[in-house]
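The values are calculated or read from the model by the stated rules, or taken from the named source; none is laboratory data. Since the model is a prediction, treat every value here as computed from it, not as a measurement. Here the Cβ is made from the backbone with ideal geometry for all residues, glycine too, and neighbour counts use every protein chain on show. These accessible areas exclude ligands, DNA and RNA; they are computed on the full protein's heavy atoms, side chains included. Shrake-Rupley method; radii C 1.70, N 1.55, O 1.52, S 1.80 Å.
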Amino acid sequence: MTSTDYLHYRTFRDQLPAPVWHELLSIGSPQLYRPGEALLQENSEDTFVLAVVEGVCKVVAARPGHGQTLIAVRGPGDTLGELSAIDGARRSASVYAVTECRARLVRGTTFVAFLSRHRLETTLSRYLSAKLRWNRTMVSELSGISVRSKVAWLLMRLAAMASPTTFIPLYQKEMAELLGVAPSSVKAAIGHFREQGLLRTEVGGVDLLVPSALADEIHHNDSE
């Protein structure tokens, strides 16, 4: 596992000029999703695209006999549901709000026209390829590692999403839900990181004091 994997993810917004991103937001209708509410449903036939403005959401897929598996974490600047807008196929995964999420809903045909107008087909292809690659990497990296390492991984991922701010607006129970582990295990991991001086717990989340050191925590913890 390499520390740079967590830091080089770029959202769709990151790859667009600011006026173009704002145009995408302007052609969508505002949506508000409460924690636990579905943004997208696996196997649904709808084709709209969501541009995430605020909040953190999780992408999960059904595995026969194993319930749902976490395959990605998304946040501000990400878009969701692009493939169905392009090819009209059913949704391949579900997306649920972890925190309160605000997004803009863009009709599939409107989104495709937006891409064509700005010649963004190649940009979107790169973004989708990066998301799929990151999803596969995430699933493989989270399998078989300790809870402490999983929490460190999640904090690094969220720090990359939140940059330049270092505050992660997630409660420990929300981290546990994202990772599919016991809240008590997350509490123990956060306590360890706090003792090491890597973070400070605050109302509504945690403030990362030394984000880069979390990568060393992952390697150290997995070697024990």
_Odd one out for L7, checked against (1) aliphatic (A, V, I, L, M); (2) over 23 Å from G205 (Cβ atoms); (3) at pLDDT below 90; (4) surrounded by fewer than 17 Cβ atoms within 10 Å (Cβ to Cβ)_ = (2)
*asked:* Of everything in region 170-217, what is in a loop (DSSP other than H, G, I, E, B), open to solvent by 60 Å² or more (accessible area, probe 1.4 Å), free of Cβ contacts under 8 Å to residues at least 40 places away in the same chain and under 21 Å from K58 (Cα atoms)? Give them in sequence order.
replied: Y171
*All but one of (1) in contact with a helix residue (DSSP H, G or I) (Cβ under 7 Å, 6 or more places away or on another chain); (2) under 19 Å from K58 (Cα atoms); (3) at pLDDT 85 or above hold for F167, so report the exception by its number.*
(1)
*What pairs can you find where one residue is in region 36-56 and within 16 Å of L24 (Cα to Cα) and free of Cβ contacts under 8 Å to residues at least 60 places away in the same chain, the other is surrounded by 14 or more Cβ atoms within 10 Å (Cβ to Cβ) and of a type in the set (K, R), and their Cβ atoms are less than 6 Å apart, with a gap of 6+ or different chains?*
A51/R104; V53/R102; E54/R102
*Within region 11-34, restricting attention to residues that are among the hydroxyl-bearing types (S, T, Y) and closer than 23 Å to L115 by Cα, which residue is surrounded by the most Cβ atoms within 10 Å (Cβ to Cβ)?*
T11
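Looking only at region 21-64, which residues are of a type in the set (K, R) and in contact with a helix residue (DSSP H, G or I) (Cβ under 8 Å, 6 or more places away or on another chain)? Before you say what the answer is, go through the steps one by one.
The first filter runs over region 21-64 and keeps only residues of a type in the set (K, R), leaving 34, 58, 63.
Selection gives K58 alone.
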*Among the strands (runs of 3 or more DSSP E) confined wholly to region 35-154, which include 2 or more residues that are out of contact with any His (no Cβ under 6 Å at 6 or more places or on another chain), open to solvent by 50 Å² or more (accessible area, probe 1.4 Å) and over 22 Å from D14 (Cα atoms)?*
57-63
